[in-house]
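The values are calculated or read from the model by the stated rules, or taken from the named source; none is laboratory data. A quick note: this is a predicted structure, and the numbers were derived from the prediction, not measured. Cβ sites come from the backbone with ideal geometry, for glycine too, and all protein chains shown count toward neighbours.
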């Protein structure tokens, strides 16, 4: 149960990230595109805390995100899967190198967007036109990548996981 | 039983994943349903409370930053406006200079039309004899420009030409002009309408009038206020019919005298003289 505290703190940060993302980043949006700060918290939680921490953080953070960005549930689905996949990296990838942080953010944003697209297709939810979709994806990936080192630096200070997250949660 | 628990324990990540996927899929599928909407709205109410706080804080920072930006913008606009004002002031000065130039050129044109056969030299007033004395003045041309002593000097003001005086001393590059305000100045004159003659004499630059003496008493009866006094041309120093001044109403006469002394207001404002014209009288004859 050592990682319960880490996951709860990560969820608090997810909530704060969600609030920031839906308020402050309205002012900082570039061509109406905002970074996905919640995704960065899920990635951090997964890579540091393991599969269970990642998917729990992803699910609940996604549920929170569903409150402000309908449809309710789709964010939870996507972020749970991402949390699960990134959790597999626990113990094999260090999140500290700058380049790794950028790569994690980039792959995470692309994966989230593709998963979201697939989920929307499955549930019959209309999405963005193709051109706009790729433009948004590119800009969002870049924006999230730029902020990743800052977000990871802050999370590193406050969110603490044990070395073997899967077993201790 | 133990075996089953062991399997569950080993596969717990996958089991939780499947549960979460199932829950989120159901939530997505039924997101439009009343139950899900209730949950969603309740969650939204909670989140929106914190969003309100964050928006307030962000708005405060944004307003503060915008205020600084606005002050900066206003400062720049003020600087631009000040620069424009300076430009307008310069333009206004240029305009004044152009107007003066235009007035001078018009006076020259008028002079050419007035004295077709008269040659003239355009000069500029460079100094007065002393600060408040408009009896004598100095112009910027002299002997080298063809000016000699006793040449008549005229000026153009407010659309009319007027007699200034005559040259009394000539240097190489400058000349001294005695104006008709000088008490030592005497000019043969007559009333333009009635042709009664007299002698115009200066009263000093402090007086705002000149006197016309030796005017027949009869002339006063025919005079009306504002009657123009011009040069008579007698004595051949000044050309004929150059305006000198206008009679107002005042005159001074003694019963036993047959002539009267009249006060004349000069047509020129001597304090504002800038450009003058020195006439070659010999050519005019």
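Tell me, please, whether a residue that is out of contact with any strand residue (DSSP E or B) (no Cβ under 7 Å at 6 or more places or on another chain), away from chain A (no Cβ under 13 Å) and surrounded by 10 or more Cβ atoms within 10 Å (Cβ to Cβ) can be found in the stretch B:20-29.
no
Just give me the residues in the stretch B:180-209 being modelled with pLDDT of 90 or more and under 16 Å from residue B:268 (Cβ atoms), in sequence order.
If the condition is that a residue be modelled with pLDDT of 90 or more and under 16 Å from residue B:268 (Cβ atoms), then B:180, B:187, B:189, B:200 are the ones that fit.
Name the residues in the stretch A:20-61 that are within 7 Å of chain B (Cβ to nearest Cβ) and crowded, with 24+ Cβ neighbours inside 10 Å, would you?
Within the stretch A:20-61, A:51, A:52, A:55, A:59 meet the criteria.
Consider residue B:92 carefully, then state whether it is more than 9 Å from every other protein chain (Cβ to nearest Cβ), under 30 Å from residue B:274 (Cα atoms) and assigned to a helix (DSSP H, G or I).
Spelling it out, residue B:92 is indeed more than 9 Å from every other protein chain (Cβ to nearest Cβ), under 30 Å from residue B:274 (Cα atoms) and assigned to a helix (DSSP H, G or I).
With the condition kept exactly as written, say whether any residue in the stretch B:152-166 is touching a strand residue (DSSP E or B) at 6+ places or on another chain (Cβ under 9 Å) and farther than 26 Å from residue B:110 by Cβ.
no
Residues in the stretch B:33-54: is at least one assigned to a loop (DSSP other than H, G, I, E, B), over 22 Å from residue A:13 (Cα atoms) and more than 8 Å from chain A (Cβ to nearest Cβ)?
Yes: one or more hits.
Evaluate the following for residue B:104: is it away from chain A (no Cβ under 12 Å), over 30 Å from residue A:25 (Cα atoms) and at pLDDT below 85?
Yes: the conditions hold for residue B:104.
Would you check if residue B:62 is outside any helix (DSSP H, G or I) and within 30 Å of residue A:67 (Cβ to Cβ)?
no
So which residues in the stretch A:122-133 are in a helix (DSSP H, G or I) and either within 21 Å of residue A:72 (Cα to Cα) or at pLDDT 75 or above (or both)?
A:122, A:123, A:133
Would you confirm whether any residue within the stretch A:71-85 is without any contact (Cβ under 8 Å) to a residue 40 or more places away in the chain, away from chain B (no Cβ under 13 Å) and either assigned to a loop (DSSP other than H, G, I, E, B) or crowded, with 24+ Cβ neighbours inside 10 Å (or both)?
no
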